[in-house]
Amino acid sequence: MSSGMHYAPVMASQWPVCEQGECPIAAAFFDHGHIYGMVANLVAAGASLSLVYEPDDDKAALMLSKFPEARRVQSFEDILSDQDIKLVAAAAIPNLRAGIGVTVMEAGKDYFTDKCPFTSLEQLEHIRSLADSSGRRYAVCYSERLQNEATEHALQLVNAGVVGEVVQVLGLGPHRLSASQRPSWFFERAEYGGIICDLGSHQAEQFLSFTGSSSAVVEFARATNLHHQAYPELEDFGEFSLTAPSGASGYFRVDWFTPGGLRTWGDGRLFIQGSKGSIECRKYIDLAAPELMANVVMVVTDDSEERHEVTGKVGFPYFGRLIEDTLNGTDLAMPQAHTLMAAEVSLRAQAMSDARAR
């Protein structure tokens, strides 16, 4: 997989959480390739893709080739007005995602967007208010945890107390640029929001999850263009640090420097230091191993050191829980407050970086 833009892992062994046809959904705005994995995992968990809206014929055809039972409609309003549709999945250009979410939620449906969910704090606050008043859900696919079995397994270990209290989280999120494959909006700052706003939203969500925090303080943030002056509005390197209310710290690096020789789009890693042990996740590749060996979790405690290879063993539980939340009005997959706080933390880190650069 040369580009993370088209990375769409699907957990085929998921068990459906509802009957066929019980949760009809729609998909729209396929500006980012993540949409195909988002939809595929919802369908694997029991949802039924009913309607598709995408102006680009090739993108629409690709979705319909995967889900021929779906019907393409000619306007987004056709989705909004369909009373049977319970949830709309979309991966629009980042600065348009919040506005689309507003129309979906005001139409009485839940919304599931690719990350980053917002490009400004003003968008975030509008959605926070609308979620409170409407009771509709603004869900976000933070895929570096939700579509990664190593990270999900690590969270299970942390929640079980295997490494004690978390004292630090380190996250590395390198990506391959693949500039020639990227759309024009990818290089426009107003449209993609900045590297910490975008890629850093994954890292902020993981910090909140692994430290069990409802908020975080941004201590330091920097983003810049170090080596791609042909794209003056691109930020190719970002870093930021956080502190949780518990005192746990976090440092995160995101960048567009994955070299061409790597067999996948990025050597994403996660390190968790606990009071009684540590965890390292090799999310997408075990570097220089003869096989790809994704989803490797290494655990050290007072009793042992262990290597867990968890591909096909953990699944992507978020998607089934999101369907159940949509059907039952619950808030179990990822609480709305957590979803929005992860975005807020990354937006505040981006804002600190922007202020630093002035």
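Counting just the residues of segment 44-76 that are outside any helix (DSSP H, G or I) and of a type in the set (D, E, K, R), which one comes out nearest to A91 (Cα to Cα)? Walk me through it before giving the result.
Kept after step one, since they are outside any helix (DSSP H, G or I), are these residues of segment 44-76: 45-56, 67-75.
If we keep only those that are of a type in the set (D, E, K, R) as well, we get 54, 56, 69, 71-72.
Values: E54: 11, D56: 13, E69: 21, R71: 18, R72: 16 Å.
Filtering first and then ranking leaves E54.
Can we say A223 is part of a strand (DSSP E or B), surrounded by 20 or more Cβ atoms within 10 Å (Cβ to Cβ), of a type in the set (G, A, S) and out of contact with any His (no Cβ under 7 Å at 6 or more places or on another chain)? Give the derivation first.
Working: part of a strand (DSSP E or B): yes; surrounded by 20 or more Cβ atoms within 10 Å (Cβ to Cβ): yes; of a type in the set (G, A, S): yes; out of contact with any His (no Cβ under 7 Å at 6 or more places or on another chain): yes.
Here the answer is yes, as A223 does meet what is asked.
Would you point out the residue of segment 336-358, among those that are among the small types (G, A, S) and open to solvent by less than 40 Å² (accessible area, probe 1.4 Å), that is nearest to T113 (Cα to Cα)?
Taking segment 336-358 as the starting set, the residues that turn out to be among the small types (G, A, S) are 337, 342-343, 346, 349, 351, 353, 355, 357.
Checking the rest, the ones that are also open to solvent by less than 40 Å² (accessible area, probe 1.4 Å) come to 342-343, 346, 349, 353.
On the way: A342: 14, A343: 12, S346: 16, A349: 21, S353: 25 Å.
So the residue we want is A343.
Just to be sure before I move on: is E191 outside any helix (DSSP H, G or I), of a type in the set (D, E) and open to solvent by 20 Å² or more (accessible area, probe 1.4 Å) in the structure I sent? Show your work before the answer.
Details: outside any helix (DSSP H, G or I): no; of a type in the set (D, E): yes; open to solvent by 20 Å² or more (accessible area, probe 1.4 Å): yes.
The answer is no for E191.
Right, G46: free of Cβ contacts under 8 Å to residues at least 60 places away in the same chain and among the small types (G, A, S) or not?
Values: free of Cβ contacts under 8 Å to residues at least 60 places away in the same chain: no; among the small types (G, A, S): yes.
When the stated conditions are applied, G46 does not pass them.
Kindly evaluate T151 against the criterion of being within 17 Å of the chain's Cα centre (by Cα), more than 29 Å from R358 (Cβ to Cβ), at pLDDT 95 or above and β-branched (V, I, T).
Values: within 17 Å of the chain's Cα centre (by Cα): yes; more than 29 Å from R358 (Cβ to Cβ): yes; at pLDDT 95 or above: yes; β-branched (V, I, T): yes.
So T151 fits the description; yes.
I need every pair where a residue in segment 27-43 that is at positive phi and assigned to a strand (DSSP E or B) has its Cβ under 9 Å from the Cβ of a residue that is among the aliphatic types (A, V, I, L, M) and open to solvent by less than 10 Å² (accessible area, probe 1.4 Å), sequence separation at least 6 or different chains.
Filtered contacts from segment 27-43: F29/I35; F29/A90; F29/A91; F29/A92.
Taking the conditions exactly as written (open to solvent by 50 Å² or more (accessible area, probe 1.4 Å) and either aromatic (F, W, Y) or assigned to a loop (DSSP other than H, G, I, E, B) (or both)), does E233 satisfy them or not?
Values: open to solvent by 50 Å² or more (accessible area, probe 1.4 Å): yes; either aromatic (F, W, Y) or assigned to a loop (DSSP other than H, G, I, E, B) (or both): yes.
Here the answer is yes, as E233 does meet what is asked.
Taking only pairs six or more apart or across chains, which ones have beta-carbon atoms under 6 Å, a first residue in segment 200-216 that is without any contact (Cβ under 8 Å) to a residue 40 or more places away in the chain, and a second residue that is open to solvent by less than 10 Å² (accessible area, probe 1.4 Å) and acidic (D, E)?
Pairs found: none.
Taking the stated definitions as given, is G250 crowded, with 21+ Cβ neighbours inside 10 Å, assigned to a loop (DSSP other than H, G, I, E, B) and modelled with pLDDT of 95 or more? Even if it seems obvious, please write down each step before you answer.
On the way: crowded, with 21+ Cβ neighbours inside 10 Å: yes; assigned to a loop (DSSP other than H, G, I, E, B): no; modelled with pLDDT of 95 or more: yes.
Here the answer is no, as G250 does not meet what is asked.
Pull up segment 253-277, narrow it to residues that are charged (D, E, K, R) and either more than 19 Å from the chain's Cα centre (by Cα) or over 25 Å from A288 (Cβ atoms) (or both), then point me to the one that is least open to solvent (accessible area, probe 1.4 Å).
Of all residues in segment 253-277, those charged (D, E, K, R) come to 253, 255, 263, 267, 269, 276.
Going one step further and asking which of them are either more than 19 Å from the chain's Cα centre (by Cα) or over 25 Å from A288 (Cβ atoms) (or both), we end up with 263, 276.
On the way: R263: 101, K276: 126 Å².
The residue in question is R263.
Does T113 satisfy the condition of being polar (S, T, N, Q), within 27 Å of A342 (Cβ to Cβ) and either under 16 Å from the mean Cα position of the chain (by Cα) or assigned to a loop (DSSP other than H, G, I, E, B) (or both)?
On the way: polar (S, T, N, Q): yes; within 27 Å of A342 (Cβ to Cβ): yes; either under 16 Å from the mean Cα position of the chain (by Cα) or assigned to a loop (DSSP other than H, G, I, E, B) (or both): yes.
For T113, the condition - polar (S, T, N, Q), within 27 Å of A342 (Cβ to Cβ) and either under 16 Å from the mean Cα position of the chain (by Cα) or assigned to a loop (DSSP other than H, G, I, E, B) (or both) - is met.
Residues checked against (1) free of Cβ contacts under 8 Å to residues at least 24 places away in the same chain; (2) buried (at least 17 other Cβ atoms within 10 Å of the Cβ):
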position: I285; (1), (2): yes, yes
position: E306; (1), (2): yes, no
position: V310; (1), (2): no, yes
position: Y318; (1), (2): no, yes
position: T326; (1), (2): no, yes
position: G329; (1), (2): no, no
position: M334; (1), (2): no, yes
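Just the residues that are in contact (Cβ under 8 Å) with a residue 40 or more places away in the chain and farther than 25 Å from H153 by Cβ, please, taken from segment 337-358.
Hits for segment 337-358 are L340, E344, L347, R348, A349, Q350, A351, M352, S353, D354, R356, A357.
Taking segment 160-181, which residues are buried (at least 20 other Cβ atoms within 10 Å of the Cβ) and either modelled with pLDDT under 95 or in contact with a helix residue (DSSP H, G or I) (Cβ under 8 Å, 6 or more places away or on another chain) (or both)?
If the condition is that a residue be buried (at least 20 other Cβ atoms within 10 Å of the Cβ) and either modelled with pLDDT under 95 or in contact with a helix residue (DSSP H, G or I) (Cβ under 8 Å, 6 or more places away or on another chain) (or both), then V163, V166, V169, G171, G173, H175, R176 are the ones that fit.
Do any residues in segment 113-129 that are modelled with pLDDT under 95 have Cβ atoms under 7 Å from those of residues that are open to solvent by less than 30 Å² (accessible area, probe 1.4 Å), where the two are at least six apart or on different chains, and which pairs are they?
Final answer for the pair search is none.
Identify the residue in segment 287-302 that is open to solvent by 10 Å² or more (accessible area, probe 1.4 Å) and more than 24 Å from the chain's Cα centre (by Cα) and, among all such residues, is farthest from G212 (Cα to Cα).
Of the residues in segment 287-302, the ones open to solvent by 10 Å² or more (accessible area, probe 1.4 Å) are 287-295, 298, 300-302.
Subsequent filtering for residues that are more than 24 Å from the chain's Cα centre (by Cα) retains 288-291, 300-302.
Values: A288: 33, A289: 33, P290: 36, E291: 34, V300: 21, T301: 20, D302: 23 Å.
Taking the candidates together, the pick is P290.
Collect the residues in segment 321-358 that are in contact with an Asp or Glu (Cβ under 7 Å, 6 or more places away or on another chain), charged (D, E, K, R) and in a helix (DSSP H, G or I), keeping them in residue-number order.
Selection gives D325 alone.
Are any of the residues in segment 199-206 open to solvent by 20 Å² or more (accessible area, probe 1.4 Å) and either out of contact with any strand residue (DSSP E or B) (no Cβ under 7 Å at 6 or more places or on another chain) or of a type in the set (F, W, Y) (or both)? Show your work before the answer.
Within segment 199-206, the subset open to solvent by 20 Å² or more (accessible area, probe 1.4 Å) is none.
Scanning segment 199-206, I find no residue that is open to solvent by 20 Å² or more (accessible area, probe 1.4 Å) and either out of contact with any strand residue (DSSP E or B) (no Cβ under 7 Å at 6 or more places or on another chain) or of a type in the set (F, W, Y) (or both), so the answer is no.
The values are calculated or read from the model by the stated rules, or taken from the named source; none is laboratory data. Keep in mind that this is a model prediction, so the values were computed, not measured. Please note: Cβ atoms are built from the backbone with ideal geometry, for glycine as well, and neighbour counts cover all protein chains shown. These accessible areas exclude ligands, DNA and RNA; they are computed on the full protein's heavy atoms, side chains included. Shrake-Rupley method; radii C 1.70, N 1.55, O 1.52, S 1.80 Å.
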